[in-house]
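Some notes on the structure that comes next.
Read-outs: derived from the displayed coordinates by stated rules, not from any lab. Since the structure is predicted, the reported quantities are computational estimates derived from the model, not experimental observations. Neighbour counts are summed over all protein chains in view; Cβ atoms, including those assigned to glycine, are modelled from backbone coordinates with ideal geometry.
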6 protein chains.
Amino acid sequence: MPPLSPQTLERLRHVSTATLCTQLFKRGLRNVFLEGVGRLSSGTANLVGPATTMRNIPAREDLDHLGVFENPEHPQRKAVEVTPPGHVLVIDCRGEKRAASGGMILMTRLMVRGAAGVVSDGPVRDSHEIATLAMPVYCAGASAPLNLIRHHAVDIDVPIGCGGVPVYPGDIMVGDAEGVVAIPAHLADEVAADAAGQERLEEYVLERIAAGAPLRGTYPPNEQTRADYQAWLKERG
Amino acid sequence: MPPLSPQTLERLRHVSTATLCTQLFKRGLRNVFLEGVGRLSSGTANLVGPATTMRNIPAREDLDHLGVFENPEHPQRKAVEVTPPGHVLVIDCRGEKRAASGGMILMTRLMVRGAAGVVSDGPVRDSHEIATLAMPVYCAGASAPLNLIRHHAVDIDVPIGCGGVPVYPGDIMVGDAEGVVAIPAHLADEVAADAAGQERLEEYVLERIAAGAPLRGTYPPNEQTRADYQAWLKERG
Amino acid sequence: MPPLSPQTLERLRHVSTATLCTQLFKRGLRNVFLEGVGRLSSGTANLVGPATTMRNIPAREDLDHLGVFENPEHPQRKAVEVTPPGHVLVIDCRGEKRAASGGMILMTRLMVRGAAGVVSDGPVRDSHEIATLAMPVYCAGASAPLNLIRHHAVDIDVPIGCGGVPVYPGDIMVGDAEGVVAIPAHLADEVAADAAGQERLEEYVLERIAAGAPLRGTYPPNEQTRADYQAWLKERG
Amino acid sequence: MPPLSPQTLERLRHVSTATLCTQLFKRGLRNVFLEGVGRLSSGTANLVGPATTMRNIPAREDLDHLGVFENPEHPQRKAVEVTPPGHVLVIDCRGEKRAASGGMILMTRLMVRGAAGVVSDGPVRDSHEIATLAMPVYCAGASAPLNLIRHHAVDIDVPIGCGGVPVYPGDIMVGDAEGVVAIPAHLADEVAADAAGQERLEEYVLERIAAGAPLRGTYPPNEQTRADYQAWLKERG
Amino acid sequence: MPPLSPQTLERLRHVSTATLCTQLFKRGLRNVFLEGVGRLSSGTANLVGPATTMRNIPAREDLDHLGVFENPEHPQRKAVEVTPPGHVLVIDCRGEKRAASGGMILMTRLMVRGAAGVVSDGPVRDSHEIATLAMPVYCAGASAPLNLIRHHAVDIDVPIGCGGVPVYPGDIMVGDAEGVVAIPAHLADEVAADAAGQERLEEYVLERIAAGAPLRGTYPPNEQTRADYQAWLKERG
Amino acid sequence: MPPLSPQTLERLRHVSTATLCTQLFKRGLRNVFLEGVGRLSSGTANLVGPATTMRNIPAREDLDHLGVFENPEHPQRKAVEVTPPGHVLVIDCRGEKRAASGGMILMTRLMVRGAAGVVSDGPVRDSHEIATLAMPVYCAGASAPLNLIRHHAVDIDVPIGCGGVPVYPGDIMVGDAEGVVAIPAHLADEVAADAAGQERLEEYVLERIAAGAPLRGTYPPNEQTRADYQAWLKERG
């Protein structure tokens, strides 16, 4: 895939996941919003970036002991070192809530390396420190036990499930205060453009509704409202 | 039903759902607190008002597409326009967490129309904006996908289940920081009065406990404590 | 069991539950972090103390009515009065989310009596007031209905399950922002010492990672990093 | 809706719900198979018939006592008396597993009145007797407590959810050993015809696979296999 | 408690758990039917007997190893040896489905010792052999891992929860094809008598319904039906 | 891995999964029994064979349509054609219960090709026909919708999770009436030998218990019982 265009990147930074879900629904895609995955920190900028994926399977007691981390090729550690700058590391934890996907040291390393963020359908440890990082981290809350009690990391950059949603390497992940959407890479440009347009219109509609307009004719807009919107748009340049 | 008396309304604004649960338990009603429904915003005044209800069933792909909103009689949109001022719109989402009950535009319209608030056992989208509204909204968190991917709105003002609790049109909904209770309409006056009395007594008990009194004799109060409470009450007028 | 040594107590006040989980994992203990139990308040000091336990079974309508609290020997009330200063009252609610473990008056009494804190795998009522107490309370969120609609308190100071974890009377409970760990009493000293050491080392590692060091050789530390760490330690005294 | 044509009825008696799911999937309908609903008896003929629906909400202790059955207009009892011969009574129990949808007497009355069968997403009581009835009953297993401990029957012949699937009055319900499918009434004829055709072809494919043919070219059939199938069809008349 | 009278025992052998639930509901008891507990074997006689209870908490790796069974006082083994003839061993497994409550050797020992049966809200191992025993065993299906991977047996003959229902030592357990009911000991005689009466009446009602009588007037019976029933009863002696 | 020795294969055909779980527990492996996976048919011989694995991720509407099966390299179809004779096809369905892992045609092809059996943590369609096959199939029950509504098959012969258990290609899968165990390949010989020994001893113990011996001294066996067992063994040759 070619890298995200600056225009698409910029648009995706300012649209909501709600709007993106509607745009993807229009294109027949219903299962795009990750279930049970929330933002740790309270930042306001969206997470945006292509997915680098990592896959876990259930742990086995004889294979998953602390010694495995001596090997720098261990997939969890390697994933941290190979996620390209601007990418989002997306981790398949099978929705397992009883062990951490990772902790402060790994998240810090990802941030230092320039990752756009992290998305996991498992929890993290050191959650309160991670919440202070500049890099957005989305996960299933907090859990103190280390990954090894439940997880064996196996693969990097294969298609995975995360939060019940398919995520292919290179899919564009967008996260806001609501959660995270996975946009198939080939749709990113058009979805971003249409989402930006939809939000502009809804901004106008909300103004009208707040001023007392009824839903009928305003939301969804009828021809008159659409004409008024065009005028409003022109006014603001 | 006659409208809520101003006295009952005032009392319900200041008692907790915990106290209301105890008063309803005394009358044999155990299943009155909505499960999995929390307040989005951090306001301090209670939500209070009679229920206007809306019912959803699972969506069907051929019936539930974006075009349905062109029809202003669509039950979701109509519910927003017919909820009387002072009422609470209560939405049955079958506890479905994977789609939004509604978003900012509908909530704003409800607020402008004077609704007392919204209660849903599904999530909302645009949750961070909704959290800033003056009108209290209780729901099952945040989810970006639009209602149509899971819901087909069918009925307005029929008895429903919400958060596992039966809600009849006109039931008095009360919400505080803990969550939401449904009070059968015919019990509202007496429950409000007894709840206010119970809270006054517990305020006194808490003072005593904080000052070092043991539970025995204080909580629940024995005759001496009750006499002291009467004196305390008199003192404060 | 002898009381916690001041040194162990001090160490446990400053290590994370994540570190404690790792230390217990090293000793073959995987199931030590309570599932679904979070801190209500936002305090920064850890909860630390030996467990005093209370056990609930499901309620029975004829046995569990408001009158039972007239009896000061009722186990829920008695548990509050017998928890020794410095101890943590740990309550087995079978993970039941639909009724409160207790409310503001009982929590206040525990605090006045000097309890170190409360841990329950059920919710509490009056949650927003409890969140303001000086004493840390860990629970499964908020629920307004009183305990009697679901629980019958039966035993004090017997081994229980809480959040899926075995808790024996005298086990050392430690809680931080992530949640709660139960440390078998006989392991408390050595686990506290090793945890403090691990955290000191990780503080150094994090400094290095934040400064741009790669995971390889730094985390886990190779011999060079360990040597540098010793120097760093000496420097700070 | 006009009644089911005899040809469609006959076809639906002999196709599997698996085939019907595939035919509905081809038409964009994914959510048509009821989750958690199985056949009690071991009969071999399919359940087929249009849906008559009944809706339950959660019970309220003061409204749902044994006395309510004195009223022959009670919706649960009335539903039994108004389900037309040949129809399937479909009951929305909100997936509640802890109380029965009904028992032997009601099921017997339905059978005597000529109902085609019963479908519920709750359990039944008297399950072993019901399993011996000539009329097929699909439900969520067995549970002894009467409906009143959890359910308040409210409506007859309104759109409902059952097993997570939308069911509209008149939808064609088909049940086999696997479970139950709801076919939108207007699609019944064409889906029945195509399903019968698909099954005939798959019968041939299975014969070939059992005889050692590889999947490639056989399943799905390529042109040669389709031609051979036409010959095979002709042979059998 | 005095032992069960032979008359009560005989009655309970022939009434259904559905009828018992209705009789207990009449007395205000709603939570009496064990959730998720089914009969392994296909026998037709009811399980009946007073409860001897055993309680498990979650296992701890250092305490729950195979060596513990060397101790004949281990509570699981002791429970098997102390359950009195005619009693039912009821085991609290916290609804844990991932380990067995016991296997063929323990069940055989219980049977040889004269136990009336076993009830557990966990699964068993050796389930197919246990299903062939003369003694009825009710459980949550089959699971091969031994109890020690999840359970630590702690207590015998204390009040427990089983299948979400409170079970006190001496409560009368009754099991049929539907599942298991716990009857508080002091209610056993009257509930058994009324249940037997209710079933006799329902036998008559079912006969009438099967013969074409409508629900109205027959179920529940009006005065005429009750009079006819008395005549019918007299006829049969 | 070398193929299973005939002796190990023979032993594994006759030991129970319960015994295998105990042998693996002795070696520190607790998580080896697949949760929620049962045998469809009622055959008596164990399933035994090395695992060939297949992995699914969640479906995406634009990628997972009926047309994909035209491609014979589609991983689901290819998995069927490459599973070596004597192997078990193990399918990771993420525990998803709402779509089938496969149906009669694929199962028949696997059987014709000599597969030892199939294990999936999802359901199958055509379940009643599959239950009649000579080849054992273990799954999560029955569900009619085709795999494409929920699954996208991605990989063959990678490590997977199935029923919450890690399964590596080549692991020895053993299934009996209770369910399925995954044995790490390198442990198969010793576990099979020890399991056979354990079962022989337990056969003797069961004989003794059935004849009235108490648990103490018999189970677990003390020295005398072990000596008697040796004599009993010799007697039978």
Checklist line | Computed over the protein assembly as shown, Cα set: Rg, Dmax in Å | finding: 32.0, 103
Item checked: Estimated inter-spin distance, residue F:5 and residue C:227, nm [label 7 Å along Cα→Cβ] -> 4.9 nm
Notebook entry, point to check: Given H placed on each backbone N at 1.01 Å, which residues far from residue D:162 in sequence or on other chains put an amide H within less than 5 Å of it?
Noted result: D:167
Margin query: Under 10 Å, Cα contacts only: if you run a Gaussian network model on chain E, which one of E:182, E:45, E:210 comes out with the highest mean-square fluctuation?
Written below: E:210
Item checked: chain D - mean residue ellipticity at 222 nm from DSSP helices (-39,500 (n - 2.57) per run, n ≥ 4, rounded to 500) -> -10000 deg cm²/dmol
Next item on the list: Determine the shielding of peptide E:26-36 by partner chains: average, over its residues, the number of Cβ atoms on other chains within 10 angstrom of each Cβ.
Entry: 5
Checklist line | Of C:78/E:78; A:26/B:78; F:26/F:234; B:97/C:97, those spanning more than 25 Å from alpha-carbon to alpha-carbon | finding: C:78/E:78; F:26/F:234
Check: Can you list residues whose amide H is under 5 Å from residue E:53's amide H, if they're 5+ apart or on another chain and H is modeled 1.01 Å from N?
Finding: E:90, E:157, E:158
Margin query: With the alpha-carbon atoms as the only input, what is the per residue convex hull volume for the range A:133-210 in Å³?
Written below: 161 Å³
Checklist line | Rotation relating B and C, chain C residue nearest the axis via C-beta, angstrom | finding: C:141, 7
Notebook entry, point to check: With springs only between Cα atoms under 10 Å, which of E:222, E:46, E:71 fluctuates most in a Gaussian network model of chain E?
Noted result: E:222
Checklist line | Under Karplus coefficients 6.51, -1.76 and 1.60, residue-wise ³J(HN,Hα) of the range D:94-106 in Hz, glycine/proline x | finding: 6, x, 5, 8, 9, 8, 7, 6, x, x, 4, 5, 5
Item checked: Cα centroid separation - the range F:5-82 against the range E:144-175, whole Å -> 33 Å
Checklist line | Whole-Å distance, taken between Cα centres, linking the range C:90-133 and the range F:209-228 | finding: 49 Å
Next item on the list: May I ask you to derive the FRET efficiency for residue F:27 and residue A:82 from their Cβ-Cβ distance with R0 = 35 Å, giving the value to the nearest 0.05?
Entry: 0.50
Check: Over all distinct Cα pairs, what is the inverse of the mean 1/r for the range C:191-236, reported as the Kirkwood hydrodynamic radius in Å?
Finding: 10.8 Å
Next item on the list: Assign unit charges at the C-beta atoms only (+1 for Lys and Arg, -1 for Asp and Glu), then state the dipole size of the protein assembly as shown relative to its Cα centre in Debye, rounded to the nearest 20.
Entry: 0 debye
Checklist line | For residue B:69, inter-copy label distances in nm, listed shortest first [label point 7 Å out on the Cα-Cβ vector] | finding: 3.7, 4.7, 4.7, 4.7, 6.2
Check: What spacing in nm lies between the two simple spin-label points modelled at residue E:132 and residue E:216, each 7 Å away from Cα in the Cβ direction?
Finding: 5.6 nm
Check: Using alpha-carbon pairs under 8 Å, 6+ residues apart, how would you state the relative contact order of the range B:72-149 in percent?
Finding: 33 percent
Notebook entry, point to check: Relative contact order for chain F: what is it in percent, counting Cα pairs under 8 Å that are at least 6 residues apart?
Noted result: 28 percent
Next item on the list: Using a 10 angstrom cutoff on alpha carbons, build the Gaussian network for chain A and name the most mobile of A:136, A:221, A:75.
Entry: A:221
Note to self: Per residue of the range F:179-195, what does 6.51 cos²θ - 1.76 cosθ + 1.60 with θ = phi - 60° give for ³J(HN,Hα)? Whole Hz please, x for Gly and Pro, Karplus curve as stated.
What the structure shows: x, 10, 10, 9, 9, x, 3, 6, 9, 4, 5, 5, 5, 4, 5, 5, 5
Checklist line | Amide H partners (placed H, <5 Å) of residue B:87, local residues excluded | finding: B:116
Margin query: At a threshold of 8 angstrom on Cα-Cα distance, excluding pairs fewer than six apart, so keeping six or more, what relative contact order does the range E:122-207 reach in percent?
Written below: 17 percent
Check: What average number of partner chain Cβ atoms lie no more than 10 Å from the Cβ of the residues making up E:140-152?
Finding: 6
